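For reference, the structure discussed in these notes is given below.
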Amino acid sequence: MIQLIENGEKTGKLTKEELAILLKSSDWDAELFQAADRVRQHYMGNAVHLRGLIEFSNICRQNCCYCGLRRDNTVIERYRLAPETILDFARKAKSYGYQTVVLQSGEDLYYTVDKLVSVIREIKKLDLAITLSIGEKSREEYAAYKKAGADRYLLRIETTDKELYRRLDPGMNWEHRARCLMDLKSLGYELGSGSLVGLPGQTIESLADDILFFKEIDADMIGIGPFIPNGDTPLKYEAGGTFNLSVKVMALVRLLLRNINIPATTAMETLHPQGRILALQRGANVVMPNVTEGDYRRLYALYPGKICINDTPAHCRGCITGKIVGIGRFVSTDYGFRPKSE
Ligand code: 5AD
Ligand code: SF4
Ligand code: FES
């Protein structure tokens with residue numbers, strides 16, 4: 001086992017079988033986490049990049065079985081922010097010193113290309129990097145956003161198990177989602193993807209496949225989080241993912257993809273009070289503090305137990321900075337693009 005971890009650290013390569021062995025045993029987790037931390041330190045240094053997250057609409061046309069924003073969820077109160085409000089939050093993000101804003105929403109068709117292009121253009125005037133996380137769109141639409149100034153795009157593949165995807169994402173198509181990732185890459189976006197850990201019926205082998213898939217598509221950012229059952233969805237009685245397995249998948253992503261940006265995800269902290277800090281010590285180098293204000297934070301309810309729903313953006317900024325400094329790291333003052341070469 002130790003040999004496997006050393007090899008992975010040295011070469012950035014592990015086979016599906018080797019990944020599965022490491023995921024299945026917990027005897028060598030400490031060694032795996034230390035190796036991931038060394039790789040992070042070597043390729044990315046001690047800087048932690050903060051990305052200000054703006055959740056601008058919780059309206060979604062899709063019906064993913066795990067997600068609280070799914071269209072069949074009639075319990076949740078829906079909202080969408082006016083373009084001026086999005087801009088206001090972006091200005092505040094800038095004032096907190098964030099260099100990137102992440103614009104995230106359900107697949108809400110209210111925001112037409114024209115509307116979003118003008119929001120992107122205005123935000124670019126603030127000298128911020130922009131990450132979009134708004135789901136599956138046409139290549140033309142992605143191209144328009146890129147041209148307007150968007151720099152990065154997050155689209156989790158969620159799982160590489162196509163049968164599982166078919167069951168959990170009714171009406172969606174795995175191949176189409178993968179094609180979106182290819183389109184985004186070829187349009188010059190920094191490409192972010194990722195998956196959920198602990199979906200009902202998901203195997204360890206398929207998690208190994210996920211990691212290899214991220215390497216194959218040469219992702220620039222990978223977000224891994226546990227699946228947390230949401231009481232307003234069909235998966236409410238399922239077990240959900242664990243913190244430890246999610247962090248292990250994340251650590252293995254760090255071993256194999258080496259110089260990419262990896263967030264310590266919010267869902268990890270829902271399952272463990274030190275979740276994000278532990279993740280930062282086991283391979284992660286990014287945190288995405290929420291800059292959405294007021295009730296919108298609570299209403300953007302992908303899963304229950306979301307952290308910071310009663311905190312202000314200013315409070316979160318101080319809180320996370322303190323935690324980062326407390327483990328001997330520092331908040332980056334640059335945009336935090338993926339380094340060009342290893
Ligand atoms: N638990 C954890 N993460 C979830 N997401 C959606 N629903 C859940 C859940 N119940 C994640 C998906 C999506 C991202 C925005 O939120 O992976 O890509
Ligand atoms: Fe919509 Fe995304 Fe939730 Fe699926 S995961 S229902 S696409 S917000
Ligand atoms: Fe929000 Fe700590 S980051 S309260």
Taking the residues in the stretch 281-299 that are part of a loop (DSSP other than H, G, I, E, B) and more than 14 Å from ligand 3 (Cβ to nearest atom) as candidates, determine which candidate is nearest to residue 67 (Cα to Cα).
295
What tally of residues in the stretch 123-139 results from selecting those that are touching a helix residue (DSSP H, G or I) at 6+ places or on another chain (Cβ under 8 Å), more than 16 Å from ligand 1 (Cβ to nearest atom) and within 16 Å of residue 182 (Cβ to Cβ)?
1
Can you find even one residue in the stretch 45-60 that is among the basic types (Lys, Arg) and within 13 Å of ligand 1 (Cβ to nearest atom)?
no
From the list 34, 3, which one is modelled with pLDDT of 95 or more, over 30 Å from residue 289 (Cα atoms), of a type in the set (S, T, N, Q) and open to solvent by 60 Å² or more (accessible area, probe 1.4 Å)?
3
Which residues, counting only those in the stretch 279-296, are open to solvent by 60 Å² or more (accessible area, probe 1.4 Å) and within 16 Å of ligand 2 (Cβ to nearest atom)?
296
Among the residues of the stretch 59-98, which ones are touching a Lys or Arg at 6+ places or on another chain (Cβ under 8 Å) and either open to solvent by less than 40 Å² (accessible area, probe 1.4 Å) or within 16 Å of ligand 3 (Cβ to nearest atom) (or both)?
60, 62, 63, 64, 65, 83, 96, 97, 98
Single condition residue 288 does not satisfy, out of (1) without any contact (Cβ under 8 Å) to a residue 24 or more places away in the chain; (2) within 13 Å of the chain's Cα centre (by Cα)
(1)
The stretch 297-332, subset open to solvent by 80 Å² or more (accessible area, probe 1.4 Å) and farther than 15 Å from residue 287 by Cβ, residue nearest to ligand 2 (Cβ to nearest atom):
298
Filter pass, residue 331 being touching a helix residue (DSSP H, G or I) at 6+ places or on another chain (Cβ under 6 Å), within 16 Å of ligand 3 (Cβ to nearest atom) and either free of Cβ contacts under 8 Å to residues at least 24 places away in the same chain or over 30 Å from residue 63 (Cβ atoms) (or both)
yes
Right, residue 276: of a type in the set (Lys, Arg), open to solvent by 10 Å² or more (accessible area, probe 1.4 Å) and within 14 Å of ligand 3 (Cβ to nearest atom) or not?
yes
Out of 169, 220, report the one residue that is open to solvent by less than 20 Å² (accessible area, probe 1.4 Å), of a type outside the set (A, V, I, L, M), touching a strand residue (DSSP E or B) at 6+ places or on another chain (Cβ under 6 Å) and more than 16 Å from ligand 3 (Cβ to nearest atom).
220
Failed condition for residue 54, given (1) closer than 30 Å to residue 297 by Cβ; (2) not in a strand (DSSP E or B), with all others met?
(2)
Does residue 127 satisfy the condition of being in a helix (DSSP H, G or I) and exposed (fewer than 14 other Cβ atoms within 10 Å of the Cβ)?
no
How about the stretch 111-122: which of its residues are over 16 Å from residue 190 (Cβ atoms) and assigned to a helix (DSSP H, G or I)?
113, 114, 115, 116, 117, 118, 119, 121, 122
Matching residues, the stretch 300-319, being over 22 Å from residue 68 (Cβ atoms) and of a type in the set (A, V, I, L, M)
314
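The values are calculated or read from the model by the stated rules, or taken from the named source; none is laboratory data. In this text, all values refer to a predicted model and were calculated from it rather than measured experimentally. Neighbour counts run over all protein chains shown; Cβ positions are idealised from the backbone, glycine included. Surface accessibility is based on the protein's heavy atoms, side chains included, excluding ligands, DNA and RNA. Shrake-Rupley method; radii C 1.70, N 1.55, O 1.52, S 1.80 Å.
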